[in-house]
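Values quoted throughout were computed directly from the atomic coordinates according to the rules given, and no laboratory measurement underlies them. Everything numeric here is computed off the predicted structure, so don't read it as measured data. No Cβ is skipped: glycine too gets one built from the backbone with ideal geometry, and neighbour counts run over all protein chains shown.
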Amino acid sequence: MRLFGIFLGIAVALAAPVNALSILSDGRLAFDVMRNGKDIGDHSYNFSGPSGAFTVTVATNVEVKVPLIRTTVYSFKHASVETWKGGKLQQLSSVTNDDGTPHELKTKNKGVLPASLWNDDIVRSGKLMNTVDGTIMNVRVADLGTETVNTKRGSVPAHHYQVSGDLARDLWYDANGNLAQVAFRADDGSTVMYIRK
């Protein structure tokens, strides 16, 4: 049973100007991926190197199982590496397995930020690049103001943006501009969320 092409969208975000304005230069962001309140996997960002020349490694590993017999009915695995220099993306490489369908991408800067969601610079433009296949999508972004979101380490104030158009996502960013939470509806009608650890 193929649930969604939705996890192609896990790696999809909004595009912004060529230069990222608030790059997290070191550390890690990690999330539990939840479907209808149940943990189905993990999503993470690892940052290495100085702010002028750094690398972001993104990993997603999701498995949806039938509850009683624990048989996997859908899986999605994605790994990408972004290389940045002077605030500009130099190269992005990714390998994805979407429930048995393989994808591979190697691309240079296309004039938009990569579709990886990790900071709020992406909400300032109407285009995005899919980090699975490299396509550019058109989106609209609505600013819904500040809200409180729950993380595994407690509640944090976060800015809520609603994305529509070729991609439908709700995104929340903390005071430092880093991803705090994601929510979207999958093709099968289920609700998928990223909850920050």
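Computed over the Cα atoms of the chain, the ratio of the radius of gyration to the Kirkwood radius (Rg/Rh) comes to 0.94.
Please enumerate, by chain and number, the aspartates and glutamates with C-alpha under 19 Å from the C-alpha of K106, excluding those fewer than 8 residues away in the same chain. Correct list for K106: E82, D98, D133. Spin-label model, K197 to S93: label points 7 Å out along the Cα-to-beta-carbon direction sit 2.5 nm apart. Couplings for the range 163-176, taken from phi via the Karplus curve 6.51 cos²θ - 1.76 cosθ + 1.60 with θ = phi - 60°, read 9, 9, x, 6, 9, 10, 8, 9, 10, 10, 10, 6, 5, 8 Hz in order; Gly and Pro are left as x.
Straight-line cross-link partners of K65 among the lysines, defined as a Cα under 18 Å from its Cα and at least 8 positions apart when in the same chain: K38, K77.
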